[in-house]
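Inspection log for the structure reproduced underneath, given as C-alpha coordinates.
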Amino acid sequence: MGARQKFEIPEGWVARGFRFEVEATTAEQQELIHQHFGARRFAHNWALAQVRANLDARAVDPAVPALGWSLPALRKAWNQAKQQVAPWWRECSKEAYSSGIADLVAALHNWSDSKAGRRAGRRVGFPRFKARHRDRGRVRFTTGAMRLEPDRRHLTLPVIGRLRSKENTRRLQRLVATGRARILSMTLSEHGGRLFVSVATIVCHTPRTPAEPDARCGIDLGIGHEWAVIAHDDDTIQRVAHPAPWAQTHMKRCRVARQRSRRIVGSRGHRQVSAKLAALDRRAANLRTDQVHLLTTILARRYGTIVVEDLDIAAMGRAMGRRAFRRSVARAGIGKVRPTLAYKTAQEGGRLLLAERWFASSKTHHGCGGYLADLKLSQRAWACPACGTIVDRNANAARNLRDWTGPVADRDVQRGGVAAPVPCVGDHGGQAHASRGRARPWKTTLVVAGADDTRTKPRREARPGEEPRAGVPASSSHNCSLTW
Ligand SMILES: [Zn+2]
(Lines give C-alpha, C1' and ligand atoms only; values in the text may rest on other atoms or scores of the structure.)
Protein backbone atom coordinates (compact mmCIF):
# COMPACT_ATOMS: atom_id res chain seq x y z
CA MET A 1 0.00 0.00 0.00
CA GLY A 2 1.01 3.58 -0.12
CA ALA A 3 3.47 4.89 -2.60
CA ARG A 4 5.37 1.63 -3.04
CA GLN A 5 2.34 -0.15 -4.39
CA LYS A 6 2.24 2.06 -7.45
CA PHE A 7 5.45 0.61 -8.76
CA GLU A 8 4.78 -1.50 -11.81
CA ILE A 9 7.15 -4.30 -12.61
CA PRO A 10 8.23 -3.90 -16.22
CA GLU A 11 7.43 -6.61 -18.73
CA GLY A 12 9.97 -9.39 -18.60
CA TRP A 13 11.15 -8.65 -15.08
CA VAL A 14 10.25 -10.36 -11.84
CA ALA A 15 10.36 -9.19 -8.26
CA ARG A 16 12.83 -11.02 -6.09
CA GLY A 17 14.18 -10.61 -2.62
CA PHE A 18 17.63 -11.38 -1.31
CA ARG A 19 18.56 -11.46 2.32
CA PHE A 20 22.00 -11.23 3.84
CA GLU A 21 23.03 -11.44 7.43
CA VAL A 22 25.23 -8.48 8.21
CA GLU A 23 27.20 -7.08 11.09
CA ALA A 24 28.14 -3.59 12.13
CA THR A 25 31.79 -2.77 11.68
CA THR A 26 32.11 -0.44 14.65
CA ALA A 27 30.39 0.10 17.98
CA GLU A 28 29.27 3.56 16.84
CA GLN A 29 27.65 2.06 13.81
CA GLN A 30 25.81 -0.41 15.99
CA GLU A 31 24.49 2.49 17.99
CA LEU A 32 23.54 4.39 14.87
CA ILE A 33 21.56 1.38 13.66
CA HIS A 34 19.55 1.22 16.85
CA GLN A 35 19.03 4.95 16.64
CA HIS A 36 17.52 4.43 13.20
CA PHE A 37 15.24 1.70 14.50
CA GLY A 38 14.09 4.09 17.21
CA ALA A 39 13.63 6.92 14.74
CA ARG A 40 11.42 4.76 12.55
CA ARG A 41 9.32 3.79 15.53
CA PHE A 42 9.09 7.38 16.70
CA ALA A 43 7.80 8.62 13.36
CA HIS A 44 5.36 5.72 13.18
CA ASN A 45 3.98 6.48 16.63
CA TRP A 46 3.85 10.20 15.98
CA ALA A 47 1.88 9.75 12.76
CA LEU A 48 -0.42 7.23 14.42
CA ALA A 49 -1.13 9.74 17.20
CA GLN A 50 -2.05 12.35 14.57
CA VAL A 51 -4.38 9.95 12.80
CA ARG A 52 -6.05 8.88 16.01
CA ALA A 53 -6.47 12.39 17.27
CA ASN A 54 -8.01 13.33 13.95
CA LEU A 55 -10.39 10.36 14.02
CA ASP A 56 -11.42 11.14 17.58
CA ALA A 57 -11.98 14.78 16.76
CA ARG A 58 -14.08 13.88 13.73
CA ALA A 59 -16.13 11.45 15.78
CA VAL A 60 -17.14 14.35 18.03
CA ASP A 61 -17.41 17.00 15.35
CA PRO A 62 -17.74 15.83 11.72
CA ALA A 63 -16.84 19.31 10.54
CA VAL A 64 -13.20 18.75 11.45
CA PRO A 65 -11.28 18.23 8.18
CA ALA A 66 -10.05 14.68 7.60
CA LEU A 67 -6.35 14.03 7.80
CA GLY A 68 -5.05 12.40 4.62
CA TRP A 69 -3.72 8.88 5.10
CA SER A 70 -1.43 8.93 2.14
CA LEU A 71 2.31 8.71 2.57
CA PRO A 72 3.01 12.12 0.99
CA ALA A 73 0.40 13.83 3.18
CA LEU A 74 1.65 12.31 6.42
CA ARG A 75 5.26 12.82 5.46
CA LYS A 76 4.59 16.45 4.78
CA ALA A 77 2.93 16.80 8.18
CA TRP A 78 5.96 15.13 9.75
CA ASN A 79 8.38 17.44 8.01
CA GLN A 80 6.48 20.42 9.32
CA ALA A 81 6.39 19.10 12.86
CA LYS A 82 9.75 17.38 13.21
CA GLN A 83 11.66 20.41 14.39
CA GLN A 84 9.21 20.67 17.26
CA VAL A 85 8.67 17.05 18.19
CA ALA A 86 12.05 15.60 17.30
CA PRO A 87 14.76 18.25 17.33
CA TRP A 88 17.31 15.44 16.93
CA TRP A 89 15.88 14.42 13.55
CA ARG A 90 19.05 15.34 11.66
CA GLU A 91 20.95 12.46 13.27
CA CYS A 92 19.09 9.84 11.25
CA SER A 93 18.36 9.33 7.60
CA LYS A 94 15.06 10.79 6.45
CA GLU A 95 14.28 7.32 5.18
CA ALA A 96 13.97 6.10 8.77
CA TYR A 97 11.01 8.41 9.40
CA SER A 98 9.61 7.82 5.99
CA SER A 99 9.61 4.04 6.36
CA GLY A 100 7.85 4.28 9.73
CA ILE A 101 5.14 6.44 8.20
CA ALA A 102 4.90 4.24 5.10
CA ASP A 103 4.36 1.17 7.27
CA LEU A 104 1.67 2.98 9.20
CA VAL A 105 -0.05 3.95 5.95
CA ALA A 106 0.01 0.29 4.88
CA ALA A 107 -1.37 -0.80 8.25
CA LEU A 108 -4.16 1.79 8.08
CA HIS A 109 -5.16 0.65 4.63
CA ASN A 110 -5.09 -2.98 5.69
CA TRP A 111 -7.34 -2.13 8.58
CA SER A 112 -9.84 -0.18 6.50
CA ASP A 113 -9.84 -2.79 3.74
CA SER A 114 -10.37 -5.54 6.26
CA LYS A 115 -13.20 -3.60 7.89
CA ALA A 116 -14.87 -3.02 4.54
CA GLY A 117 -14.49 -6.68 3.53
CA ARG A 118 -12.07 -5.89 0.73
CA ARG A 119 -9.30 -7.93 2.26
CA ALA A 120 -9.13 -11.72 2.55
CA GLY A 121 -7.89 -13.52 5.60
CA ARG A 122 -8.03 -12.67 9.23
CA ARG A 123 -9.49 -9.42 10.50
CA VAL A 124 -6.86 -6.73 10.74
CA GLY A 125 -7.02 -4.50 13.81
CA PHE A 126 -6.31 -0.81 14.03
CA PRO A 127 -2.56 -0.06 14.14
CA ARG A 128 -1.07 0.06 17.60
CA PHE A 129 1.64 2.17 19.10
CA LYS A 130 4.95 0.34 18.99
CA ALA A 131 7.15 -0.13 21.99
CA ARG A 132 10.76 -1.21 21.78
CA HIS A 133 10.11 -4.60 23.31
CA ARG A 134 7.10 -5.31 21.10
CA ASP A 135 8.37 -4.07 17.79
CA ARG A 136 11.16 -5.68 15.85
CA GLY A 137 13.81 -3.17 14.93
CA ARG A 138 13.76 -2.39 11.23
CA VAL A 139 14.25 0.44 8.80
CA ARG A 140 13.80 0.56 5.05
CA PHE A 141 15.77 2.65 2.60
CA THR A 142 14.29 3.37 -0.80
CA THR A 143 16.59 6.15 -1.94
CA GLY A 144 20.11 7.34 -1.28
CA ALA A 145 23.48 5.68 -1.39
CA MET A 146 22.59 2.03 -1.10
CA ARG A 147 24.60 -0.50 -2.96
CA LEU A 148 26.43 -3.79 -2.89
CA GLU A 149 30.15 -3.27 -2.79
CA PRO A 150 32.23 -4.89 -5.54
CA ASP A 151 34.24 -6.82 -2.94
CA ARG A 152 31.05 -8.88 -2.45
CA ARG A 153 31.47 -8.71 1.27
CA HIS A 154 29.92 -5.37 2.12
CA LEU A 155 26.64 -3.54 1.69
CA THR A 156 26.29 0.20 1.97
CA LEU A 157 23.26 1.95 3.37
CA PRO A 158 22.65 5.70 3.53
CA VAL A 159 23.91 7.39 6.75
CA ILE A 160 24.61 4.00 8.39
CA GLY A 161 27.39 3.25 5.92
CA ARG A 162 29.15 0.02 5.11
CA LEU A 163 27.99 -3.17 6.77
CA ARG A 164 29.89 -6.39 6.53
CA SER A 165 27.92 -9.23 5.04
CA LYS A 166 28.41 -12.61 6.63
CA GLU A 167 27.78 -14.26 3.30
CA ASN A 168 29.15 -13.60 -0.12
CA THR A 169 26.83 -11.31 -2.06
CA ARG A 170 28.10 -12.59 -5.39
CA ARG A 171 24.82 -13.76 -6.81
CA LEU A 172 23.06 -10.45 -6.53
CA GLN A 173 26.11 -8.29 -7.03
CA ARG A 174 26.77 -9.89 -10.38
CA LEU A 175 23.18 -9.38 -11.48
CA VAL A 176 23.27 -5.73 -10.51
CA ALA A 177 26.67 -5.13 -12.07
CA THR A 178 25.55 -6.54 -15.40
CA GLY A 179 22.28 -4.64 -15.38
CA ARG A 180 20.12 -7.72 -14.95
CA ALA A 181 18.80 -6.62 -11.56
CA ARG A 182 17.69 -3.31 -10.10
CA ILE A 183 17.60 -2.61 -6.41
CA LEU A 184 14.30 -1.13 -5.23
CA SER A 185 14.90 -0.95 -1.52
CA MET A 186 17.01 -2.29 1.29
CA THR A 187 15.59 -3.11 4.68
CA LEU A 188 17.81 -3.45 7.69
CA SER A 189 16.21 -5.47 10.45
CA GLU A 190 17.06 -7.27 13.64
CA HIS A 191 16.00 -10.81 14.47
CA GLY A 192 17.08 -12.38 17.71
CA GLY A 193 20.00 -10.01 18.10
CA ARG A 194 21.22 -10.53 14.54
CA LEU A 195 21.12 -8.00 11.76
CA PHE A 196 19.82 -8.70 8.29
CA VAL A 197 19.55 -6.69 5.13
CA SER A 198 16.73 -7.64 2.79
CA VAL A 199 17.25 -6.37 -0.69
CA ALA A 200 14.09 -5.98 -2.77
CA THR A 201 14.96 -6.15 -6.43
CA ILE A 202 13.50 -6.69 -9.84
CA VAL A 203 15.40 -9.22 -11.89
CA CYS A 204 15.41 -9.64 -15.64
CA HIS A 205 13.54 -12.86 -16.26
CA THR A 206 15.01 -15.35 -18.67
CA PRO A 207 12.49 -17.95 -19.77
CA ARG A 208 13.52 -21.46 -18.86
CA THR A 209 12.14 -24.91 -19.43
CA PRO A 210 12.29 -27.71 -16.91
CA ALA A 211 14.34 -30.78 -17.78
CA GLU A 212 11.22 -32.90 -18.29
CA PRO A 213 8.53 -30.48 -19.45
CA ASP A 214 5.84 -33.12 -19.98
CA ALA A 215 6.47 -35.10 -16.82
CA ARG A 216 4.46 -34.80 -13.60
CA CYS A 217 5.19 -35.52 -9.99
CA GLY A 218 3.09 -35.53 -6.86
CA ILE A 219 4.24 -34.56 -3.39
CA ASP A 220 2.59 -35.72 -0.21
CA LEU A 221 3.76 -33.79 2.80
CA GLY A 222 3.41 -35.33 6.20
CA ILE A 223 3.97 -34.37 9.76
CA GLY A 224 4.97 -37.86 10.74
CA HIS A 225 8.05 -39.93 10.28
CA GLU A 226 8.53 -39.05 6.65
CA TRP A 227 8.68 -35.42 5.80
CA ALA A 228 7.75 -35.74 2.18
CA VAL A 229 6.89 -38.56 -0.18
CA ILE A 230 7.30 -37.89 -3.87
CA ALA A 231 5.74 -39.93 -6.65
CA HIS A 232 7.96 -39.43 -9.66
CA ASP A 233 6.82 -39.61 -13.23
CA ASP A 234 8.43 -43.02 -13.74
CA ASP A 235 6.46 -44.28 -10.74
CA THR A 236 9.37 -44.46 -8.37
CA ILE A 237 8.61 -43.32 -4.87
CA GLN A 238 11.08 -41.10 -3.12
CA ARG A 239 10.86 -40.71 0.61
CA VAL A 240 12.45 -37.72 2.19
CA ALA A 241 13.21 -37.93 5.88
CA HIS A 242 13.54 -35.04 8.26
CA PRO A 243 17.07 -33.67 8.34
CA ALA A 244 19.05 -35.70 10.83
CA PRO A 245 20.59 -32.84 12.84
CA TRP A 246 17.10 -31.61 13.33
CA ALA A 247 16.20 -34.50 15.66
CA GLN A 248 19.34 -33.76 17.62
CA THR A 249 18.44 -30.11 17.84
CA HIS A 250 15.03 -31.06 19.09
CA MET A 251 16.50 -33.25 21.81
CA LYS A 252 18.83 -30.51 22.90
CA ARG A 253 15.98 -28.08 22.89
CA CYS A 254 13.96 -30.29 25.21
CA ARG A 255 16.84 -30.35 27.66
CA VAL A 256 17.42 -26.62 27.52
CA ALA A 257 13.71 -25.87 27.87
CA ARG A 258 13.63 -28.02 30.99
CA GLN A 259 16.62 -26.15 32.34
CA ARG A 260 14.91 -22.88 31.75
CA SER A 261 11.82 -23.99 33.60
CA ARG A 262 13.96 -24.32 36.71
CA ARG A 263 15.40 -20.82 36.47
CA ILE A 264 13.82 -17.77 38.01
CA VAL A 265 12.22 -15.53 35.42
CA GLY A 266 14.24 -12.37 35.01
CA SER A 267 17.43 -13.82 36.48
CA ARG A 268 20.71 -13.91 34.65
CA GLY A 269 20.52 -17.69 34.38
CA HIS A 270 17.10 -17.44 32.82
CA ARG A 271 18.37 -14.98 30.26
CA GLN A 272 21.31 -17.20 29.41
CA VAL A 273 19.22 -20.29 28.89
CA SER A 274 16.68 -18.29 26.90
CA ALA A 275 19.42 -17.20 24.54
CA LYS A 276 20.47 -20.82 24.13
CA LEU A 277 16.92 -21.81 23.41
CA ALA A 278 16.56 -19.10 20.79
CA ALA A 279 19.75 -20.29 19.10
CA LEU A 280 18.41 -23.84 18.92
CA ASP A 281 15.12 -22.62 17.51
CA ARG A 282 16.98 -20.68 14.90
CA ARG A 283 19.01 -23.70 13.96
CA ALA A 284 15.93 -25.88 13.62
CA ALA A 285 14.23 -23.30 11.45
CA ASN A 286 17.32 -22.93 9.28
CA LEU A 287 17.61 -26.67 8.78
CA ARG A 288 14.02 -26.81 7.71
CA THR A 289 14.32 -23.87 5.34
CA ASP A 290 17.37 -25.44 3.76
CA GLN A 291 15.49 -28.65 3.15
CA VAL A 292 12.49 -26.86 1.67
CA HIS A 293 14.69 -24.98 -0.78
CA LEU A 294 16.65 -28.05 -1.74
CA LEU A 295 13.59 -30.14 -2.46
CA THR A 296 11.67 -27.44 -4.30
CA THR A 297 14.63 -26.48 -6.47
CA ILE A 298 15.29 -30.04 -7.56
CA LEU A 299 11.65 -30.64 -8.42
CA ALA A 300 10.98 -27.29 -10.08
CA ARG A 301 13.98 -27.69 -12.35
CA ARG A 302 12.96 -31.16 -13.35
CA TYR A 303 9.19 -31.31 -13.78
CA GLY A 304 6.78 -29.50 -16.05
CA THR A 305 3.94 -30.12 -13.62
CA ILE A 306 4.07 -30.53 -9.88
CA VAL A 307 0.97 -31.39 -7.90
CA VAL A 308 0.60 -30.76 -4.19
CA GLU A 309 -2.30 -30.89 -1.83
CA ASP A 310 -4.03 -27.67 -0.96
CA LEU A 311 -3.53 -27.95 2.77
CA ASP A 312 -5.18 -25.55 5.15
CA ILE A 313 -2.11 -24.98 7.25
CA ALA A 314 -3.78 -22.40 9.46
CA ALA A 315 -6.60 -24.78 10.31
CA MET A 316 -4.10 -27.56 10.98
CA GLY A 317 -2.36 -25.28 13.39
CA ARG A 318 -5.57 -24.52 15.19
CA ALA A 319 -6.61 -28.14 15.35
CA MET A 320 -3.32 -29.22 16.81
CA GLY A 321 -3.16 -26.53 19.42
CA ARG A 322 0.06 -26.12 21.28
CA ARG A 323 1.80 -29.30 20.37
CA ALA A 324 5.42 -30.11 20.65
CA PHE A 325 8.05 -28.00 19.04
CA ARG A 326 8.89 -30.72 16.55
CA ARG A 327 5.46 -30.63 15.05
CA SER A 328 5.19 -26.92 14.86
CA VAL A 329 8.44 -26.65 12.99
CA ALA A 330 7.44 -29.48 10.69
CA ARG A 331 4.27 -27.62 10.01
CA ALA A 332 6.12 -24.43 9.31
CA GLY A 333 8.15 -26.33 6.78
CA ILE A 334 5.04 -27.68 5.13
CA GLY A 335 3.51 -24.24 4.96
CA LYS A 336 6.59 -23.06 3.16
CA VAL A 337 6.69 -25.71 0.48
CA ARG A 338 3.69 -24.54 -1.52
CA PRO A 339 4.57 -20.83 -1.82
CA THR A 340 8.18 -21.72 -2.52
CA LEU A 341 7.16 -24.13 -5.24
CA ALA A 342 4.75 -21.53 -6.62
CA TYR A 343 7.46 -19.04 -7.42
CA LYS A 344 10.11 -21.56 -8.35
CA THR A 345 7.92 -23.37 -10.86
CA ALA A 346 7.04 -20.03 -12.43
CA GLN A 347 10.72 -19.18 -12.57
CA GLU A 348 11.72 -22.48 -14.10
CA GLY A 349 8.91 -22.54 -16.63
CA GLY A 350 6.82 -25.28 -15.04
CA ARG A 351 3.51 -25.10 -13.27
CA LEU A 352 2.21 -25.97 -9.85
CA LEU A 353 -1.20 -27.51 -9.38
CA LEU A 354 -3.04 -27.57 -6.11
CA ALA A 355 -5.34 -30.55 -5.80
CA GLU A 356 -8.63 -29.50 -4.34
CA ARG A 357 -8.72 -29.31 -0.57
CA TRP A 358 -11.33 -32.03 -0.09
CA PHE A 359 -9.69 -34.59 -2.32
CA ALA A 360 -9.18 -37.71 -0.19
CA SER A 361 -5.72 -38.49 -1.50
CA SER A 362 -4.87 -40.78 1.40
CA LYS A 363 -8.08 -42.76 1.48
CA THR A 364 -8.47 -43.55 -2.20
CA HIS A 365 -6.49 -46.44 -3.62
CA HIS A 366 -4.46 -45.32 -6.58
CA GLY A 367 -5.14 -47.64 -9.47
CA CYS A 368 -8.38 -49.30 -8.46
CA GLY A 369 -10.16 -46.39 -6.83
CA GLY A 370 -11.17 -48.35 -3.71
CA TYR A 371 -12.06 -46.03 -0.86
CA LEU A 372 -11.45 -46.56 2.84
CA ALA A 373 -13.75 -44.26 4.78
CA ASP A 374 -12.35 -44.54 8.29
CA LEU A 375 -8.61 -44.17 7.85
CA LYS A 376 -6.93 -43.12 11.06
CA LEU A 377 -4.08 -40.65 11.04
CA SER A 378 -1.82 -43.21 12.71
CA GLN A 379 -2.41 -45.89 10.07
CA ARG A 380 0.58 -45.98 7.79
CA ALA A 381 -0.69 -48.83 5.64
CA TRP A 382 -4.17 -50.05 4.94
CA ALA A 383 -5.88 -52.86 3.03
CA CYS A 384 -7.88 -51.70 0.06
CA PRO A 385 -11.55 -52.74 0.55
CA ALA A 386 -12.01 -53.16 -3.19
CA CYS A 387 -8.99 -55.21 -4.24
CA GLY A 388 -7.37 -56.23 -0.98
CA THR A 389 -3.92 -54.79 -1.72
CA ILE A 390 -1.94 -53.47 1.19
CA VAL A 391 -1.60 -49.78 0.44
CA ASP A 392 1.20 -47.62 1.72
CA ARG A 393 -0.53 -44.48 2.88
CA ASN A 394 1.90 -41.75 1.87
CA ALA A 395 3.13 -43.31 -1.37
CA ASN A 396 -0.46 -43.87 -2.41
CA ALA A 397 -1.35 -40.27 -1.63
CA ALA A 398 1.61 -39.01 -3.62
CA ARG A 399 0.60 -41.14 -6.61
CA ASN A 400 -2.96 -39.89 -6.38
CA LEU A 401 -1.74 -36.33 -6.40
CA ARG A 402 0.57 -36.89 -9.32
CA ASP A 403 -2.28 -38.23 -11.43
CA TRP A 404 -4.79 -35.67 -10.22
CA THR A 405 -7.01 -34.42 -13.02
CA GLY A 406 -9.87 -32.91 -11.05
CA PRO A 407 -10.53 -29.33 -10.09
CA VAL A 408 -7.54 -27.25 -9.17
CA ALA A 409 -7.53 -24.69 -6.42
CA ASP A 410 -6.40 -21.40 -7.82
CA ARG A 411 -4.55 -19.63 -5.12
CA ASP A 412 -1.16 -18.05 -5.45
CA VAL A 413 -0.16 -20.45 -8.18
CA GLN A 414 -0.99 -19.43 -11.71
CA ARG A 415 0.51 -16.00 -11.51
CA GLY A 416 2.55 -16.39 -14.63
CA GLY A 417 5.97 -14.89 -14.77
CA VAL A 418 5.59 -12.60 -11.81
CA ALA A 419 5.06 -15.13 -9.10
CA ALA A 420 7.43 -13.90 -6.51
CA PRO A 421 6.34 -13.32 -2.97
CA VAL A 422 9.13 -10.84 -2.51
CA PRO A 423 10.87 -12.01 0.65
CA CYS A 424 10.82 -15.69 -0.17
CA VAL A 425 14.03 -16.12 -2.08
CA GLY A 426 15.82 -14.22 0.58
CA ASP A 427 15.31 -16.89 3.18
CA HIS A 428 18.64 -18.08 2.10
CA GLY A 429 20.42 -14.83 2.32
CA GLY A 430 20.52 -14.63 -1.42
CA GLN A 431 22.74 -17.66 -1.65
CA ALA A 432 21.32 -20.15 -4.04
CA HIS A 433 20.91 -23.51 -2.56
CA ALA A 434 21.55 -26.33 -4.92
CA SER A 435 22.75 -23.94 -7.52
CA ARG A 436 23.66 -25.24 -10.92
CA GLY A 437 27.21 -26.30 -11.35
CA ARG A 438 27.97 -26.45 -7.71
CA ALA A 439 28.89 -29.84 -6.33
CA ARG A 440 25.88 -30.36 -4.19
CA PRO A 441 25.63 -33.71 -2.50
CA TRP A 442 22.10 -34.60 -3.44
CA LYS A 443 22.34 -38.14 -2.34
CA THR A 444 23.43 -37.40 1.16
CA THR A 445 21.06 -34.56 1.74
CA LEU A 446 17.82 -35.90 0.42
CA VAL A 447 17.43 -39.28 1.96
CA VAL A 448 16.08 -41.80 -0.44
CA ALA A 449 14.72 -45.02 0.93
CA GLY A 450 13.10 -48.04 -0.61
CA ALA A 451 14.99 -51.04 -1.86
CA ASP A 452 14.41 -50.61 -5.57
CA ASP A 453 14.89 -46.89 -5.70
CA THR A 454 18.49 -46.10 -6.21
CA ARG A 455 17.88 -42.64 -7.51
CA THR A 456 20.75 -40.38 -6.73
CA LYS A 457 20.63 -37.71 -9.37
CA PRO A 458 16.96 -36.96 -9.88
CA ARG A 459 17.44 -34.30 -12.52
CA ARG A 460 19.18 -36.23 -15.21
CA GLU A 461 17.85 -39.74 -15.09
CA ALA A 462 14.82 -40.50 -17.21
CA ARG A 463 14.52 -44.23 -16.65
CA PRO A 464 11.90 -45.10 -19.21
CA GLY A 465 12.20 -48.84 -18.91
CA GLU A 466 11.71 -49.17 -15.21
CA GLU A 467 9.00 -51.38 -13.89
CA PRO A 468 6.23 -49.60 -12.10
CA ARG A 469 5.80 -50.67 -8.52
CA ALA A 470 2.40 -52.15 -8.04
CA GLY A 471 1.53 -52.35 -4.37
CA VAL A 472 4.15 -50.94 -2.11
CA PRO A 473 5.07 -53.57 0.42
CA ALA A 474 4.32 -52.38 3.89
CA SER A 475 7.80 -53.29 4.98
CA SER A 476 9.36 -50.51 2.98
CA SER A 477 7.07 -47.86 4.32
CA HIS A 478 9.06 -47.48 7.50
CA ASN A 479 12.30 -47.59 5.71
CA CYS A 480 12.80 -43.91 6.04
CA SER A 481 16.30 -43.87 7.29
CA LEU A 482 17.79 -40.86 8.92
CA THR A 483 21.23 -41.12 7.44
CA TRP A 484 22.73 -37.82 6.49
ZN1 LIG B 1 -7.54 -51.22 -4.50
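The values are calculated or read from the model by the stated rules, or taken from the named source; none is laboratory data. Here the structure is a predicted model, which means the values were calculated and not measured. Note: ideal-geometry Cβ built from the backbone for every residue, glycine included; neighbour counts use all protein chains shown. Heads up: the accessible areas ignore ligands, DNA and RNA and are worked out on the full protein's heavy atoms, side chains in. Shrake-Rupley method; radii C 1.70, N 1.55, O 1.52, S 1.80 Å.
Quick notes on this one:
- Residues in region 395-420 that are among the polar types (S, T, N, Q) and at pLDDT 85 or above were compared, and the one that is nearest to the ligand (Cβ to nearest atom) is 396.
- For region 361-379, the set of residues classified as touching a strand residue (DSSP E or B) at 6+ places or on another chain (Cβ under 7 Å) and within 14 Å of the ligand (Cβ to nearest atom) consists of 363, 364, 365, 371, 372, 375, listed by residue number.
- As for region 239-261, it holds no residue that is under 20 Å from residue 192 (Cβ atoms), out of contact with any strand residue (DSSP E or B) (no Cβ under 9 Å at 6 or more places or on another chain) and outside any helix (DSSP H, G or I).
- Among residues that are open to solvent by 40 Å² or more (accessible area, probe 1.4 Å) and not β-branched (Val, Ile, Thr), residue 235 is not included.
- Put simply, of 35, 80 the only residue that is part of a helix (DSSP H, G or I), open to solvent by 60 Å² or more (accessible area, probe 1.4 Å) and touching a residue at least 12 places away in the same chain (Cβ under 8 Å) is 35.
- Subset of region 128-142 that is open to solvent by less than 60 Å² (accessible area, probe 1.4 Å) and charged (D, E, K, R) - its residue that is nearest to residue 105 (Cα to Cα): 140
- Residue 326 fulfils the conditions (1) out of contact with any His (no Cβ under 6 Å at 6 or more places or on another chain); (2) at pLDDT below 85; (3) not in a loop (DSSP other than H, G, I, E, B) except for a single criterion, (1).
- Filtering region 300-313 to residues that are outside any strand (DSSP E or B) and under 13 Å from residue 220 (Cβ atoms) leaves 310, 311.
Okay, residues lined up against (1) among the acidic types (Asp, Glu); (2) within 24 Å of the chain's Cα centre (by Cα); (3) buried (at least 18 other Cβ atoms within 10 Å of the Cβ); (4) at pLDDT below 95:
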{"residue": "65", "(1), (2), (3), (4)": "no, no, no, yes"}
{"residue": "72", "(1), (2), (3), (4)": "no, no, no, yes"}
{"residue": "75", "(1), (2), (3), (4)": "no, no, yes, yes"}
{"residue": "84", "(1), (2), (3), (4)": "no, no, no, yes"}
{"residue": "106", "(1), (2), (3), (4)": "no, yes, no, yes"}
{"residue": "144", "(1), (2), (3), (4)": "no, no, no, yes"}
